[in-house]
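No lab work stands behind these numbers, since they all come straight from the coordinates. Note that the structure is a prediction, hence the values are computed from the model and not measured. Positions of Cβ are backbone-derived with ideal geometry, glycine not excepted, and every protein chain shown enters the neighbour counts.
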Amino acid sequence: MHKAIILAVALAIAGAATPALALDVPVIGENLIANGSFEGGLLGPVPAREVPPGWAAEAYGGNGQLAIVAGGAPGEGAQCVQMAATEDDSTGLHGPIIEIDPTQAYIQFGWIRLDGSYDRSGVNLGRQWFDAEEKALEQEHSRSYNYVVSGANPGHEWAYYEQLLLPDPTPDDGSFRPDQIPTTAAGLRVWALNYRWNGNGYFDGLGLYQVDYAAIARTEIFGALAAADIEEIARDVRETLTKLPEDAPAAARARTLLFELDGLKQRALAEDGRPVLEWMADEERTPGLIDELRETTWELKIEALLQEAG
Ligand SMILES: [Ca+2]
């Protein structure tokens with residue numbers, strides 16, 4: 001079955017909830033893109049050098065290739081934007097600069113279709129990053145822009161594309177991946193383009209949301225701790241510690257691990273504004289901490305046995 005059809009069916013079953021995210025992630029607040037569904041504004045051609053309401057600029061010459069036309073993506077109303085392009089005359093939309101927090105997670109998505117079947121297309125959905133001075137954010141090995149999808153080629157049927165954006169964990173290496181948020185980013189503008197290609201592209205349901213990464217990480221961390229029965233392990237470690245002298249070889253290590261476990265749990269219950277990279281570090285550490293606590297239980301028990309025997 002075609003991806004667009006599978007998604008359309010899934011959305012119909014789910015009652016076309018808003019936002020219609022295919023990726024099952026919790027989001028915070030509203031869509032940061034104004035008029036991403038192109039329901040605001042009248043049907044018909046967009047005059048040359050103008051853009052639909054909520055959008056900032058035409059991306060190329062603005063020769064009047066934009067139009068608001070009837071027919072929306074699944075769950076996305078009755079209108080969408082049509083972009084007509086040729087090899088020599090590209091068109092597209094740039095959104096206004098949207099303020100973002102580079103320590104948090106976001107998801108960018110949208111629906112795209114073409115006016116028929118082609119070998120290739122010039123239809124792209126993406127974003128450009130800006131710093132606090134609203135200067136395009138180039139790095140030594142990375143350009144300021146990246147794409148959710150480049151050369152999207154779904155044919156005539158609407159297809160859904162999305163990309164989860166996470167903070168760049170290596171801010172000093174002069175590059176960031178297409179799905180990473182550069183550390184010095186203060187804002188982004190959405191790009192929806194039809195570039196150097198003979199055909200019509202259609203966009204609808206364009207979205208950008210902050211992702212509630214805290215909720216994702218918290219569920220994963222507490223899920224892993226519960227699956228390992230960590231409270232039982234911790235109880236076992238504490239009980240065995242009472243049978244050993246303060247300076248027993250494995251005791252200090254065990255106390256450090258229990259302290260670390262308490263810290264991990266406290267942080268996982270903390271407020272949601274925590275940087276995503278800190279959440280990710282705790283997610284990564286959790287299985288190792290569980291293993292080390294398990295091992296310590298046995299080390300302590302062996303020491304306790306030796307103590308009794310001695
Ligand atoms: Ca729409």
*C-alpha center-to-center spacing [region 167-233, region 71-99] in angstrom*: 22 Å
*Cα gyration tensor shape for region 104-182, rounded if a/c is under 1.5, else prolate or oblate*: prolate
*Helical mean residue ellipticity (222 nm; -39500 (n - 2.57) per DSSP H run of 4+; nearest 500) of the chain*: -10000 deg cm²/dmol
*Would you mind getting me the FRET efficiency between Ile97 and Tyr60? Use the beta-carbon distance for r and R0 = 30 Å, nearest 0.05.*
0.95
*FRET efficiency for Glu87 and Arg177, using Cβ-Cβ distance with R0 set to 41 Å, rounded to 0.05*: 0.85
_If I take the Cα coordinates of the chain and project them onto the principal axes, what are the three extents in Å, biggest first?_
91, 44, 34
_Environment charge of Gly77, counting only residues whose C-beta is closer than 9 Å and scoring Lys/Arg +1, Asp/Glu -1_ = -3
*Anyone know which of Leu293, Leu32, Leu188 comes out most mobile in the 10 Å Cα GNM of the chain?*
Leu293
*Straight distance only, please: which aspartates and glutamates reach the Cα of Lys265 with their own Cα at less than 17 Å, same-chain residues fewer than 8 apart left out?*
Glu220, Asp229, Glu231, Glu232, Glu278, Asp282, Glu283, Glu284, Asp291, Glu292
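May I ask you to sort Asp262, Asp24 by Cβ crowding, counting other Cβ atoms within 10 Å and putting the fewest first? Present the calculation step by step, with values, prior to reporting the outcome.
On the way: Asp262 11, Asp24 6.
The order, fewest Cβ neighbours first, is Asp24, Asp262.
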*Candidate aspartates and glutamates - alpha carbon under 15 Å from Lys243, same-chain residues fewer than 8 apart omitted*: Glu299, Glu303, Glu308
*Compare Ile33, Ile233, Ile97 in a GNM of the chain, Cα atoms joined below 10 Å, and give the one with the largest fluctuation.*
Ile233
*Pop a pseudo-label 7 angstrom from the Cα along the beta-carbon direction at both Asp291 and Thr170 and give the gap in nm to one decimal.*
2.3 nm
*Identify which of Ala251, Ala84, Ala227 has the largest mean-square fluctuation in a Gaussian network model of the chain, with springs joining Cα atoms closer than 10 Å.*
Ala227
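Which of rounded, prolate or oblate describes region 214-309 when judged by the alpha-carbon gyration tensor and an a/c cut-off of 1.5? Provide the component values of the computation, followed by the final result.
On the way: a/c = 3.06, a/b = 2.54, b/c = 1.21.
Judged from the Cα gyration tensor, region 214-309 comes out prolate (a/c at least 1.5, a/b above b/c).
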